[in-house]
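One structure below.
All of the numbers you see were taken from the coordinates with simple rules; none came from a lab. Given the structure is predicted, the values throughout are model-derived calculations rather than measurements. As a convention, Cβ positions derive from the backbone with ideal geometry for all residues, glycine included, and neighbour counts pool all protein chains shown.
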Amino acid sequence: MRSNYQLFLTIFFVFSIIPSAFALKQVAGMLEIELAAGQTGVLKYGLLNDKNETSTLKLRAEGDIVPYISIPESVELQPGKLTYVELNVNIPADYDISNGNEIKGSVFALQEGRPGQVQLNLQLKKGVVIKVIEENQVESLNLEKNTGYITGFSIMPFAVKTSVVVLPVVLAVMLIYIIKIKEGNKKWKNYWKK
Amino acid sequence: MEKLLEKIAIGIMVLAIASPVVLAVETHTDSVIATANVVALCGVEASPDIVFGDLVPSQTSTPATVTVTNDGSSNTLSSDVTVEGTPWNDGTHTMAIGQTQYSEDSGTTWAALTGSPVTIFGGVISAASSKPIDFEVTIPGNQPVGLYSQTITFTLSCDTTPPQV
């Protein structure tokens, strides 16, 4: 009886009409950062919504990075615009580096399909590596960074440049003139009187 | 000797007066370095919708095809697309995730959908290449009537940066 009942009952599987999923894109490559204990840093996760509508993604982290990273719960992506989401990383001052100097995990950006009988989700996954380094390594690293990106663009005003060139010359002339006066060279004085 | 000094002093003075003029008219060539960081993108798109329709217990649905596209910008990008699902649920009853099966070879072989991500698309793949994935569901013979739903999630990762050309 029960079997017949079940046989004749129809399970109503109507998969709701959901819009085609948006195309989601992300910047390729791992997100990596080097920090010493007690330091904070920021990782930038590049996301692109490649369709003509605004899209909201839910963000979450998984893995060993979870206690050390804070991320927004969601991000709204404008159509066709590359958006960088800031992921704040904080290594506590009492972090024991003997536990390992590489903290790994992933960050996920989820675009949920329309809720209903069927939900087709698209998700992006981004690998994250936090390298915990000694304090002296950080100083060395900063030094390299500070000296490594000097470009050829000068902001010194043109007038200042001109003065720098001309001033020594004027001073040299004045010096010679004073010496000549001190020597009491009348001929020199007379020359100017003419 | 004095004459010579005289001439040198006068020459320097003339130079001092003339130099601002000369410097002012010279071509000013400060350079500005413009940088543009062209980043490699990887992306995923899945379409169209899946519609199995009405089913009775013990029935297997007609396969529904979802095309997963590697929507990246680089031909040398290594990326993976995984698929995973949740159990069917009507608010009261459930049905196992594995009742849904998927096929990567147009229905020749089928694998049960799981709650853990399984790679369906991986390695170095060409930009804009796509792959059809067939899905079907089989209703158990004793499954209570209900309006069941399931979530299927496609996840893309591309942690390998493409080589610089």
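Quote the FRET efficiency, to the nearest 0.05, computed for B:V14 versus A:Q78 with a Förster distance R0 of 41 Å and r equal to the Cβ-Cβ distance. Can you show the working numbers first?
Working: r = 63 Å, r/R0 = 1.54.
Computed FRET efficiency for B:V14 and A:Q78: 0.05.
Given an 8 Å cut-off on Cα distances and at least 6 residues of separation, report the relative contact order of segment B:44-160 as a percent. Don't jump to the answer; show the numbers that get you there.
Working: 271 pairs, mean separation 46.0, N = 117.
39 percent.
Between segment B:32-48 and segment B:143-162, how many Å separate their Cα centres?
Measuring centre to centre over Cα atoms gives 25 Å.
Can you give the mean number of other chain Cβ atoms that lie within 10 Å of the Cβ atoms in peptide B:139-145? Walk me through the numbers on the way to the answer.
Working: counts 4, 2, 3, 4, 3, 3, 7.
Average per residue, whole number: 4.
Could you compute the FRET efficiency for B:S31 and A:L175, with r as their C-beta to C-beta distance and R0 at 45 Å, rounded to 0.05? Numbers along the way, then the final one.
On the way: r = 36 Å, r/R0 = 0.81.
So the FRET efficiency works out to roughly 0.80.
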